[in-house]
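Novice: Structure incoming, see below.
The values are calculated or read from the model by the stated rules, or taken from the named source; none is laboratory data. All figures in this text were calculated on a predicted structure; none of them were measured in a lab. For neighbour counting, all protein chains shown are included, and Cβ atoms are generated from backbone atoms with ideal geometry for every residue, glycine included. For the accessible areas, the whole protein counts, side chains as well, though only heavy atoms, and no ligand, DNA or RNA atoms are used. Shrake-Rupley method; radii C 1.70, N 1.55, O 1.52, S 1.80 Å.
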Amino acid sequence: TKRYEEETNLRCLIALDTSPSMFYPSESKSKIRFSVYAASALSYLLNRQRDAVGLCLFSDKIDVLTPVKSTPTHLDKIFTILTNVTNHQPKQRHTHVGQVLNEIAEKIHKRSLVVIFSDMFDSAENTDELFKALHHLKHNKHEVIVFHVIDNQTELLFDFEERPMEFVDLETGDKIKLNPGDIKTHYKVEADKFHRNLKMRCNQYKIDFVEADVQSDFSVILQTYLIKRAKMR
């Protein structure tokens, strides 16, 4: 078994953000469900290609970190963990993507492909820590793909009905009542600024940045992985 695992073509760690904001906007179209399905498809594809795969679940800290293996029983374990993610209601807590990615970079001792699924929302006011962590992964010779998982319609375009609404911060429970039209212009400017900055810095570090809209299908994710894998041969 050890010899078989050493001969695998690729080592891949899938890092999945499980913070409360990932359970937006609805149970059937949530960012977490989209990410779980995509992570499951990638894990299956990796296993079929005799590549080794591991799984990391995180929010404010690393909650789960499996070994990176290529055995069928290990794949079943990953599927079980991913299934449990969508079956549990998340606790209110912040995300610390930068802190977690730094920790991951220190824990991976062999050159790997690190695939990240996150909305990166905790980092909007602390981008330096996030970018340092991404650079840390690249400095340690890892290949990185960032899937920025968001609901484009509401989280980028702020497209809501023109009527008074109550908005709830899923990570703190804070609530605010307002008319979306009153802040739409300002919100879109700030959201676009963060999005462009994140994309620019990923390009600067030679990290593949993929916009993963929860309303789209998984084909873009699988295609991006296959292209990256071809380049790594």
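Novice: Give all pairs with beta carbons closer than 6 Å in which a residue from the stretch 80-107 that is more than 13 Å from residue 55 (Cα to Cα) meets a residue that is of a type in the set (Val, Ile, Thr) and buried (at least 18 other Cβ atoms within 10 Å of the Cβ); count only pairs at least 6 apart in sequence or on separate chains.
Specialist: Correct list of pairs: 86/36.
Novice: Cβ-Cβ distance below 6 Å, separation of 6 or more or different chains: which pairs start in the stretch 174-201 with a residue that is over 19 Å from residue 153 (Cα atoms) and end on one that is assigned to a helix (DSSP H, G or I)?
Specialist: 201/131
Novice: Within the stretch 10-113, which strands (runs of 3 or more DSSP E) (wholly inside it) include 1 or more residues that are touching a strand residue (DSSP E or B) at 6+ places or on another chain (Cβ under 8 Å) and open to solvent by 60 Å² or more (accessible area, probe 1.4 Å)?
Specialist: 11-17, 62-65
Novice: When the residues of the stretch 211-221 are filtered to those that are outside any loop (DSSP other than H, G, I, E, B) and modelled with pLDDT of 90 or more, which remaining residue is least open to solvent (accessible area, probe 1.4 Å)?
Specialist: 212
Novice: Run down 224, 172, 154 and say which single residue is more than 30 Å from residue 51 (Cα to Cα), at pLDDT below 90, open to solvent by less than 80 Å² (accessible area, probe 1.4 Å) and of a type in the set (Val, Ile, Thr).
Specialist: Of 224, 172, 154, the one residue that is more than 30 Å from residue 51 (Cα to Cα), at pLDDT below 90, open to solvent by less than 80 Å² (accessible area, probe 1.4 Å) and of a type in the set (Val, Ile, Thr) is 172.
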